[in-house]
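Quick notes on the structure that follows.
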Amino acid sequence: MEITWYGHSCFRMMERGVASIVADPFDESIGYEIPPRLRADIVTVSHDSPGHNALDSVKYEAYALTRPGEYEIGGVFITGVATHSHSPDEQVRRNIVFVYDFGTIIACHLGDIDHVPTQPQIELLGPIDVLMVPVGGGGGLNSAQAAEVISLIEPNIVIPMHYQTPASRIDLEPLDKFLKEMGVTEPEVADSLKVTSSNLTEEETRVVVLEYEHA
(Lines give C-alpha, C1' and ligand atoms only; values in the text may rest on other atoms or scores of the structure.)
Protein backbone atom coordinates (compact mmCIF):
# COMPACT_ATOMS: atom_id res chain seq x y z
CA MET A 1 0.00 0.00 0.00
CA GLU A 2 1.15 3.54 -0.74
CA ILE A 3 0.21 6.48 1.51
CA THR A 4 0.64 10.07 0.32
CA TRP A 5 0.12 13.19 2.45
CA TYR A 6 -1.17 16.43 0.93
CA GLY A 7 -0.94 18.56 4.07
CA HIS A 8 -3.04 19.15 7.17
CA SER A 9 -4.97 15.87 7.67
CA CYS A 10 -5.42 14.83 4.04
CA PHE A 11 -4.01 11.51 2.81
CA ARG A 12 -4.52 9.21 -0.13
CA MET A 13 -4.19 5.45 0.38
CA MET A 14 -3.74 3.21 -2.66
CA GLU A 15 -3.36 -0.55 -2.89
CA ARG A 16 -3.30 -2.53 -6.11
CA GLY A 17 -6.56 -4.31 -6.86
CA VAL A 18 -8.75 -2.54 -4.29
CA ALA A 19 -10.48 0.81 -3.88
CA SER A 20 -8.39 3.96 -3.38
CA ILE A 21 -9.22 6.26 -0.46
CA VAL A 22 -8.76 9.95 0.33
CA ALA A 23 -9.18 10.96 3.96
CA ASP A 24 -10.15 14.46 5.17
CA PRO A 25 -9.81 16.68 2.08
CA PHE A 26 -9.53 20.41 2.90
CA ASP A 27 -10.47 23.63 1.14
CA GLU A 28 -8.18 26.50 0.10
CA SER A 29 -8.67 28.38 3.39
CA ILE A 30 -6.31 25.91 5.12
CA GLY A 31 -3.34 27.05 3.05
CA TYR A 32 -2.18 23.91 1.26
CA GLU A 33 -2.98 23.09 -2.34
CA ILE A 34 -4.98 20.02 -3.30
CA PRO A 35 -3.75 18.61 -6.63
CA PRO A 36 -6.36 19.39 -9.29
CA ARG A 37 -6.46 15.79 -10.46
CA LEU A 38 -6.72 14.14 -7.03
CA ARG A 39 -9.02 11.15 -7.45
CA ALA A 40 -10.26 8.32 -5.27
CA ASP A 41 -12.93 5.67 -5.17
CA ILE A 42 -13.83 6.55 -1.57
CA VAL A 43 -13.57 9.71 0.53
CA THR A 44 -13.83 9.65 4.32
CA VAL A 45 -14.65 12.73 6.41
CA SER A 46 -13.84 12.80 10.11
CA HIS A 47 -15.97 15.85 10.89
CA ASP A 48 -17.76 18.78 9.36
CA SER A 49 -15.23 21.59 9.03
CA PRO A 50 -13.36 23.14 6.06
CA GLY A 51 -10.10 21.44 7.02
CA HIS A 52 -11.64 17.99 6.76
CA ASN A 53 -14.84 17.92 4.68
CA ALA A 54 -14.07 19.55 1.30
CA LEU A 55 -15.57 16.84 -0.89
CA ASP A 56 -15.46 19.15 -3.91
CA SER A 57 -11.65 19.00 -3.72
CA VAL A 58 -11.62 15.34 -4.74
CA LYS A 59 -13.02 13.56 -7.77
CA TYR A 60 -14.40 10.47 -6.09
CA GLU A 61 -16.03 7.62 -7.94
CA ALA A 62 -18.04 5.67 -5.38
CA TYR A 63 -18.76 6.79 -1.83
CA ALA A 64 -18.30 9.61 0.65
CA LEU A 65 -18.32 8.24 4.20
CA THR A 66 -19.34 10.83 6.78
CA ARG A 67 -20.92 8.69 9.52
CA PRO A 68 -19.75 5.99 11.93
CA GLY A 69 -20.41 2.42 10.87
CA GLU A 70 -18.98 -0.58 9.08
CA TYR A 71 -18.54 -0.61 5.33
CA GLU A 72 -17.12 -3.03 2.77
CA ILE A 73 -16.37 -1.23 -0.50
CA GLY A 74 -14.11 -2.24 -3.35
CA GLY A 75 -12.22 -4.86 -1.37
CA VAL A 76 -11.56 -2.60 1.65
CA PHE A 77 -13.29 -3.10 5.00
CA ILE A 78 -13.77 0.30 6.69
CA THR A 79 -14.86 0.96 10.25
CA GLY A 80 -15.85 4.42 11.47
CA VAL A 81 -15.76 4.88 15.26
CA ALA A 82 -17.35 7.96 16.84
CA THR A 83 -15.12 9.77 19.34
CA HIS A 84 -17.29 12.78 20.14
CA SER A 85 -16.39 15.13 22.98
CA HIS A 86 -17.97 18.17 24.65
CA SER A 87 -16.59 21.71 24.74
CA PRO A 88 -16.78 23.84 27.93
CA ASP A 89 -20.09 25.29 26.71
CA GLU A 90 -21.42 21.71 26.30
CA GLN A 91 -21.40 21.84 22.51
CA VAL A 92 -20.81 18.39 21.03
CA ARG A 93 -17.56 18.22 19.06
CA ARG A 94 -18.01 15.40 16.60
CA ASN A 95 -15.21 13.25 15.21
CA ILE A 96 -14.98 9.91 13.47
CA VAL A 97 -11.89 7.73 13.57
CA PHE A 98 -11.66 5.58 10.44
CA VAL A 99 -9.92 2.21 10.27
CA TYR A 100 -9.11 0.86 6.79
CA ASP A 101 -8.45 -2.87 6.47
CA PHE A 102 -6.77 -3.57 3.13
CA GLY A 103 -6.30 -7.24 3.92
CA THR A 104 -2.59 -7.35 4.63
CA ILE A 105 -2.29 -3.78 5.99
CA ILE A 106 -4.56 -1.99 8.47
CA ALA A 107 -4.35 1.80 8.58
CA CYS A 108 -6.11 4.22 10.93
CA HIS A 109 -6.83 7.94 10.52
CA LEU A 110 -7.68 9.63 13.83
CA GLY A 111 -9.31 12.67 12.22
CA ASP A 112 -9.31 15.72 14.47
CA ILE A 113 -9.69 13.85 17.75
CA ASP A 114 -9.04 16.18 20.68
CA HIS A 115 -8.72 13.76 23.60
CA VAL A 116 -7.19 10.43 24.53
CA PRO A 117 -9.77 7.76 23.60
CA THR A 118 -11.33 5.54 26.22
CA GLN A 119 -10.21 1.94 26.53
CA PRO A 120 -13.46 0.66 24.92
CA GLN A 121 -12.84 3.00 21.96
CA ILE A 122 -9.25 1.77 21.64
CA GLU A 123 -10.51 -1.83 21.62
CA LEU A 124 -12.99 -1.02 18.85
CA LEU A 125 -10.10 0.06 16.62
CA GLY A 126 -8.36 -3.31 16.88
CA PRO A 127 -4.71 -3.85 15.85
CA ILE A 128 -3.29 -1.01 13.73
CA ASP A 129 -0.27 -1.17 11.43
CA VAL A 130 -0.15 2.48 10.31
CA LEU A 131 -1.54 5.33 12.43
CA MET A 132 -2.16 8.84 11.07
CA VAL A 133 -2.31 11.05 14.17
CA PRO A 134 -2.81 14.80 14.79
CA VAL A 135 0.06 16.21 16.84
CA GLY A 136 -0.19 20.02 16.70
CA GLY A 137 -3.14 20.91 18.93
CA GLY A 138 -5.43 23.60 17.52
CA GLY A 139 -8.52 21.50 18.16
CA GLY A 140 -6.74 18.17 17.71
CA LEU A 141 -4.34 16.24 19.94
CA ASN A 142 -1.31 18.11 21.18
CA SER A 143 2.12 16.46 21.16
CA ALA A 144 1.84 14.95 24.65
CA GLN A 145 -1.66 13.58 24.01
CA ALA A 146 -0.54 12.17 20.66
CA ALA A 147 2.34 10.33 22.31
CA GLU A 148 -0.06 8.86 24.87
CA VAL A 149 -2.50 7.70 22.20
CA ILE A 150 0.35 6.08 20.26
CA SER A 151 1.45 4.20 23.39
CA LEU A 152 -2.09 2.85 23.81
CA ILE A 153 -2.65 1.82 20.18
CA GLU A 154 0.92 0.54 19.62
CA PRO A 155 1.04 0.83 15.82
CA ASN A 156 4.03 -0.29 13.77
CA ILE A 157 4.28 3.05 11.94
CA VAL A 158 3.14 6.55 12.94
CA ILE A 159 2.59 9.37 10.44
CA PRO A 160 2.13 12.76 12.13
CA MET A 161 -0.38 15.23 10.68
CA HIS A 162 -2.22 18.44 11.61
CA TYR A 163 0.84 20.47 12.66
CA GLN A 164 2.39 23.81 11.69
CA THR A 165 4.19 24.05 8.35
CA PRO A 166 5.12 27.01 6.12
CA ALA A 167 1.98 26.33 4.06
CA SER A 168 -0.47 26.14 6.95
CA ARG A 169 -2.67 29.15 7.72
CA ILE A 170 -3.82 27.65 11.01
CA ASP A 171 -2.04 28.28 14.31
CA LEU A 172 -0.68 24.87 15.29
CA GLU A 173 2.29 23.52 17.22
CA PRO A 174 5.41 22.61 15.21
CA LEU A 175 6.39 19.04 14.41
CA ASP A 176 9.58 19.31 16.48
CA LYS A 177 7.57 19.39 19.68
CA PHE A 178 6.00 16.03 18.88
CA LEU A 179 9.31 14.50 17.80
CA LYS A 180 10.87 15.57 21.10
CA GLU A 181 7.93 14.03 22.98
CA MET A 182 8.55 10.76 21.13
CA GLY A 183 12.30 10.89 21.67
CA VAL A 184 12.97 11.02 17.92
CA THR A 185 15.99 13.06 16.83
CA GLU A 186 16.27 11.99 13.19
CA PRO A 187 12.87 10.96 11.82
CA GLU A 188 12.49 9.04 8.61
CA VAL A 189 11.37 11.50 5.90
CA ALA A 190 9.75 10.42 2.63
CA ASP A 191 7.68 11.77 -0.24
CA SER A 192 5.25 8.90 0.26
CA LEU A 193 5.18 5.72 2.33
CA LYS A 194 5.09 2.29 0.72
CA VAL A 195 3.95 -0.29 3.27
CA THR A 196 4.09 -4.07 2.93
CA SER A 197 3.61 -6.80 5.49
CA SER A 198 7.33 -7.54 5.27
CA ASN A 199 8.35 -4.08 6.55
CA LEU A 200 6.07 -4.18 9.59
CA THR A 201 8.32 -6.42 11.65
CA GLU A 202 10.04 -3.75 13.74
CA GLU A 203 9.57 -4.12 17.49
CA GLU A 204 9.55 -0.35 18.05
CA THR A 205 7.14 2.13 16.50
CA ARG A 206 8.60 4.00 13.52
CA VAL A 207 7.81 7.69 13.05
CA VAL A 208 7.67 8.58 9.35
CA VAL A 209 7.36 12.24 8.35
CA LEU A 210 5.83 12.71 4.91
CA GLU A 211 6.38 15.68 2.61
CA TYR A 212 3.25 17.59 1.56
CA GLU A 213 4.67 19.08 -1.64
CA HIS A 214 4.56 16.82 -4.68
CA ALA A 215 5.68 17.38 -8.27
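Which of rounded, prolate or oblate describes the range 1-56 when judged by the alpha-carbon gyration tensor and an a/c cut-off of 1.5?
Prolate.
Given the rule -39500 (n - 2.57) for each run of at least 4 DSSP H residues, summed and divided by the residues of the chain, what is its mean residue ellipticity at 222 nm, to the nearest 500 deg cm²/dmol?
Mean residue ellipticity at 222 nm (helix-derived): -3500 deg cm²/dmol.
When the solvent-accessible surface of protein heavy atoms is calculated with a 1.4 angstrom probe, in what order do ARG39, ARG16 fall, highest first?
ARG16, ARG39
Let me have the relative contact order for the chain, percent, based on Cα pairs under 8 Å that are six or more residues apart.
Reported relative contact order: 17 percent.
What is the spread of the Cα atoms of the range 49-151 along each of their three principal axes, largest first, in whole Å?
Largest first, the range 49-151 extends 40, 31, 21 Å along its Cα principal axes.
Go ahead and run the numbers for FRET between GLU70 and GLU186, Cβ-Cβ distance against an R0 of 25 Å, rounding to 0.05.
Using R0 = 25 Å, I get an efficiency of 0.05.
Test of understanding: in a Gaussian network model of the chain with alpha carbons linked when under 10 Å, which of ILE21, ILE170, ILE78 would top the mean-square fluctuation ranking?
ILE170
Which one of PRO127, ALA146, SER168 has its Cα pushed farthest toward the positive end of the charge dipole of the chain, where Lys and Arg give +1 and Asp and Glu give -1 at the Cβ?
SER168
For the range 23-151, which whole-number percentage of the solvent-accessible area (1.4 Å probe, protein heavy atoms only) is attributable to carbon and sulfur atoms?
Exposed carbon and sulfur together represent 48 percent of the surface.
What's the magnitude of the charge dipole for the chain around its Cα centre, counting Lys and Arg as +1 and Asp and Glu as -1 at the beta-carbon? Answer in Debye, nearest 20.
Dipole about the Cα centre, nearest 20: 380 debye.
Less than 11 Å Cβ to Cβ from HIS52, Lys/Arg counted +1 and Asp/Glu -1: what total charge do the surrounding residues give?
-3
How would LYS177, LYS194 line up by accessible area, probe 1.4 Å, largest first?
The ranking, largest first, comes out as LYS194, LYS177.
What figure, in Å² to the nearest 10, do you get for the accessible area of THR104 with a 1.4 Å probe and non-protein molecules left out?
Only protein atoms counted, so the area is about 90 Å².
Treating only the Cβ of Lys, Arg, Asp and Glu as charged (+1, +1, -1, -1), what charge dipole size does the range 1-78 show about its Cα centre? Round to the nearest 20 debye.
Result for the range 1-78 is approximately 160 debye, rounded to the nearest 20.
To the nearest whole percent, what portion of all C-alpha pairs in the range 170-213 is separated by more than 12 angstrom?
70 percent
Between THR205 and ARG16, what length comes free when the chain is fully extended (0.36 nm per residue of separation minus the Cα-Cα distance, one decimal in nm)?
Extra length available between THR205 and ARG16 comes to 65.5 nm.
Using only the alpha carbon atoms of the chain, find the Kirkwood hydrodynamic radius as the inverse mean reciprocal pair distance, in angstroms to one decimal.
For the chain, inverting the mean 1/r across all distinct Cα pairs yields 17.1 Å.
The values are calculated or read from the model by the stated rules, or taken from the named source; none is laboratory data. A quick note: this is a predicted structure, and the numbers were derived from the prediction, not measured. Here Cβ is always computed from backbone atoms with ideal geometry, including for glycine, and neighbour counts include all displayed protein chains. Calculation scope for accessible area: heavy atoms of the full protein, side chains included, ligands and nucleic acids excluded. Shrake-Rupley method; radii C 1.70, N 1.55, O 1.52, S 1.80 Å.
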